[in-house]
1. Can you pull out the residues in region 98-132 that are in contact with a strand residue (DSSP E or B) (Cβ under 7 Å, 6 or more places away or on another chain), open to solvent by 10 Å² or more (accessible area, probe 1.4 Å), part of a strand (DSSP E or B) and of a type outside the set (Val, Ile, Thr)?
2. Under 7 Å between Cβ atoms, at least 6 apart or on separate chains: pull out the pairs that start in region 49-72 with a residue that is at positive phi and end on any residue that is in a loop (DSSP other than H, G, I, E, B) and surrounded by fewer than 17 Cβ atoms within 10 Å (Cβ to Cβ).
3. Select, from SER30, SER95, SER46, the only residue that is assigned by the TED database to the domain that holds VAL130 and open to solvent by less than 20 Å² (accessible area, probe 1.4 Å).
4. Within region 232-258, can you find the residues that are of a type in the set (S, T, N, Q) and at pLDDT 80 or above?
Amino acid sequence: SHYGLPFDLQRTSVLFRPTADGRCYTACVSPISAVEDAGAAVGAVSIAQGDDSYSYVALDAGWAFPFFGEARSHLYVGSNGYITFISGDRSYSESFWRHFSAPRISVFFDDLRPAHYYTVSYRLYTERIVITWDAIPEFYRTGANTMQATLYRDGSIKLAYLDLTAMDGIVGLSAGRGYAGVAQTDFSEIYSCGGDEVGHDEAVVLSAGELSPVCGPSSGGTLVKVDGTFRNECDTMRARFVTGRSDMPIDLFLNFDLSGSFGDDLANLRSMASTLMQELEASHPNSRFGMATYVDKPAGYFGSISSGDYEFRVDIPLTSDRAAVQSVLNAARTKYGVDLPESQLSALFYTALNASEIGFRAGARRASAAATPA
C-alpha cells in the first residue's frame, strides 16, 4: 500500500494467492462489512501484548503455511500490525527497509499500542489461522484500528480491514530479500475478486520482489509478452503483463526512445509492439493504443536543436485503430541525443500528468510501457 498517503482500504479485504511455483502472488480486493472472528469470538485465543511486543504461535501438527516457497510451522504475531516467521520483531517505526528485511506479512505496519483492554487474538482451524487486531490505537493517540490476517493451508493470504483511524502504514508481503528496485502498489486500485476470490484472471501478479509484475529473472530483455516470452539477442524475459480482468478494456500508451543509440532496435520494436497490441486486443476487447516518442532535452549537453531532438511528443493519442498506431511507429526515425541518459523519465512523467491529451478513459485499465536502450 502507498506509504505516506491516507489509508483507503477500510471495509475491504485483499486476497493473495500463490502461483504454481510459489514465488509469486496474485491479488484482488473485495468489499466487506465484518471480519471473520472478532477478538471475543468463541475459540479465539487472546494474546496479552504490550507496546512493541510479539507472541509466538505454533500451527497445528500436520500442516505448515507455505510462504514464498518456504513451509512455516510457526509464526510471530507483532503488536505493531505484522507477522514474521524466522523470529519475533519489536520494530515500531514502519519503513520499507524494515518491512523487506525479513519474511513478513505487513497487515498494517504502524506504531500501535495494544493494552489489556484492547484485543489481539488468533484462532486455529484445520485449514487456516485467523489473526485479529481489534480496535488497537496508535501509540500516544486515540482512535481504533481493526484488521485481520487469514493464512490458509494452501498458501493463500487474506488481509481484511474494518475501520482504521490511522492515516498511513505499510501493507504488503515480503520474502525478506531487501527492497531495492521495488515500487509501491496501491491495493485500492487493483481489481475486484468479483465474488470468486480464487479467480487468478481477476488479479494483479506480485512477484518475489513483492510489488513488481515481473516474476522471472532478466538481464537484457526489454519487452514483456502477455503470458509468454519475448526474445532478443541478449536474454529471454519471462513475465506476465498486468492485465487484470478480461472484461475490462486496457488503454495502453507506448513511450518509445528515438535517440541515435536506439536505431538498431527499431525493427525489433515494431514487430514486438505489433504482437503486443494484437494479443491485448484479443484478450481484452475494446482496448485502445497510443504512442509517444522522446529523445532528449534540446539544450546544453542533453540534446541538439539542429538535429530535431525533443523531450516528449504525443505522436498519436489512444485509439482503437491499431493499424494507425503501427503506421506511426513504422514511420518513426531516430534523432540524435547527446548525453547518455535519455528523457524516458520525463516521458513517463508527462504521460501521468496528461491523461486528457493522451485520452485515458474512465473504466479502463491504464497502462504505459517504455522502451529505451539498456
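The values are calculated or read from the model by the stated rules, or taken from the named source; none is laboratory data. Because the structure is predicted, anything quoted here is derived from the model rather than measured. FYI the Cβ positions are ideal-geometry reconstructions off the backbone, even for glycines, and counts take in every protein chain you see. For accessibility, only protein heavy atoms count, side chains too; no ligands or nucleic acids. Shrake-Rupley method; radii C 1.70, N 1.55, O 1.52, S 1.80 Å.
1. Correct list: PRO103, TYR122, ARG123, ARG128.
2. Qualifying pairs under 7 Å: ASP52/ARG90; PHE68/GLY22; PHE68/ARG23; GLY69/GLY22; GLY69/ARG23.
3. Numbers: SER95 fails: open to solvent by less than 20 Å² (accessible area, probe 1.4 Å); SER46 fails: open to solvent by less than 20 Å² (accessible area, probe 1.4 Å).
Going through SER30, SER95, SER46 in turn, the sole match is SER30.
4. Restricting attention to region 232-258, the residues satisfying the condition of being of a type in the set (S, T, N, Q) are 232, 236, 243, 246, 255.
Result: ASN255, single match.
Condition check ((1) more than 25 Å from SER93 (Cβ to Cβ); (2) buried (at least 22 other Cβ atoms within 10 Å of the Cβ)) across all residues:
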{"site": "GLU138", "(1), (2)": "no, no"}
{"site": "MET147", "(1), (2)": "no, yes"}
{"site": "THR150", "(1), (2)": "yes, no"}
{"site": "ASP154", "(1), (2)": "yes, no"}
